[in-house]
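All remarks here apply to the structure that follows.
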Amino acid sequence: MARAASLLAEFDPKSLSVFSTTRSDTTDRYFLESGDKIRFFLEEEAVDADGRLNRPKELAVNKIGHGQHDLDPVFDHFSRTPELSDLVSELRFVEPRLLQSMYIFKQPRIGGEVVCHQDSAFLYTEPETVVGFWFALEAASVDNGCLWVLPGGHHLGLKKRFVRQGDDVGFEIIDPEPWPEHDLVPLEVEKGSLVVLHGRLPHRSGSNRSTRSRHAYSVHVIDGRAHYPDDNWLRRSCSMSLRGFSPS
């Protein structure tokens with residue numbers, strides 16, 4: 001958390017990029033080229049109609065992503081502990097590769113909703129191998145936007161994929177049937193908890209209208225033996241190959 005605050009202190013919000021899962025116009029080049037960079041994305045309600053911040057940047061950022069696990073020594077160390085490596089081995093990864101990371105702020109009063117989705121839709125491999133590791137850096141409750149999941153939902157098929165379409169991105173619909181969101185249950189967890197998310201598990205988080213933030217850190221792992229299609233949205237430069245759990 002201290003390192004995230006330090007990175008944020010160095011951030012100069014001259015070019016503003018809003019992150020929202022409820023709008024289709026927030027996947028700009030700044031976002032699409034963030035797979036091998038450390039970039040800052042703002043809450044939708046932190047930007048006024050003229051595109052200017054309406055509050056201090058410390059209370060405006062939605063998340064940091066998506067390459068800090070490889071580019072920053074503190075995040076590198078946190079993402080590659082022996083304990084997490086052991087857990088990944090227990091999940092039967094043979095050649096684990098850390099693909100993306102996000103530091104999520106879920107700001108007080110304006111923390112944006114994340115709609116129901118499957119991680120495999122965004123980080124697709126053949127066969128599907130992605131697993132998400134979600135660290136609660138602060139307590140997460142229904143009041144401040146905790147995760148909600150669909151029990152047993154990982155047995156359902158993949159609903160859609162988020163793919164590159166030339167210079168743009170969009171959803172490729174596989175199954176148009178809506179999620180049974182009335183069956184989702186909240187995952188209220190204490191600070192320091194780790195939630196492990198199967199790539200097909202439908203999950204969401206509500207908006208945060210409380211006075212408490214809900215910081216979390218997530219890192220997604222895939223198996224290096226699986227095929228990573230070229231039409232995945234998240235790309236990295238050829239000079240920055242995916243790494244496993246060995247120290248940098």
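The values are calculated or read from the model by the stated rules, or taken from the named source; none is laboratory data. Nothing here was measured: the structure is a model prediction, and the numbers come from that model. Here the Cβ positions follow ideal geometry from the backbone for every residue, glycine too, while neighbour counts run over all protein chains shown.
Quick grid of which residues meet (1) under 25 Å from V219 (Cβ atoms); (2) of a type in the set (S, T, N, Q); (3) in a loop (DSSP other than H, G, I, E, B):
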{"residue": "H154", "(1), (2), (3)": "yes, no, no"}
{"residue": "E177", "(1), (2), (3)": "no, no, yes"}
{"residue": "H182", "(1), (2), (3)": "no, no, no"}
{"residue": "P186", "(1), (2), (3)": "yes, no, no"}
{"residue": "L197", "(1), (2), (3)": "yes, no, no"}
{"residue": "R200", "(1), (2), (3)": "yes, no, yes"}
- Task: Please tell me if S218 is out of contact with any helix residue (DSSP H, G or I) (no Cβ under 6 Å at 6 or more places or on another chain), modelled with pLDDT of 95 or more and not in a strand (DSSP E or B).
- Result: no
Yes or no: region 221-244 includes at least one residue that is out of contact with any Pro (no Cβ under 7 Å at 6 or more places or on another chain), at pLDDT 95 or above, in a loop (DSSP other than H, G, I, E, B) and among the β-branched types (V, I, T). no
(1) over 26 Å from V47 (Cα atoms); (2) in contact with a helix residue (DSSP H, G or I) (Cβ under 7 Å, 6 or more places away or on another chain); (3) not in a loop (DSSP other than H, G, I, E, B) all hold for S101 apart from (1)
Only one of L201, L197, L187 is within 26 Å of V61 (Cβ to Cβ), surrounded by 15 or more Cβ atoms within 10 Å (Cβ to Cβ), touching a residue at least 24 places away in the same chain (Cβ under 8 Å) and touching a helix residue (DSSP H, G or I) at 6+ places or on another chain (Cβ under 7 Å), namely L197
Checking E95, E90 in turn, the sole residue that is without any contact (Cβ under 8 Å) to a residue 60 or more places away in the chain and within 15 Å of I222 (Cα to Cα) turns out to be E90
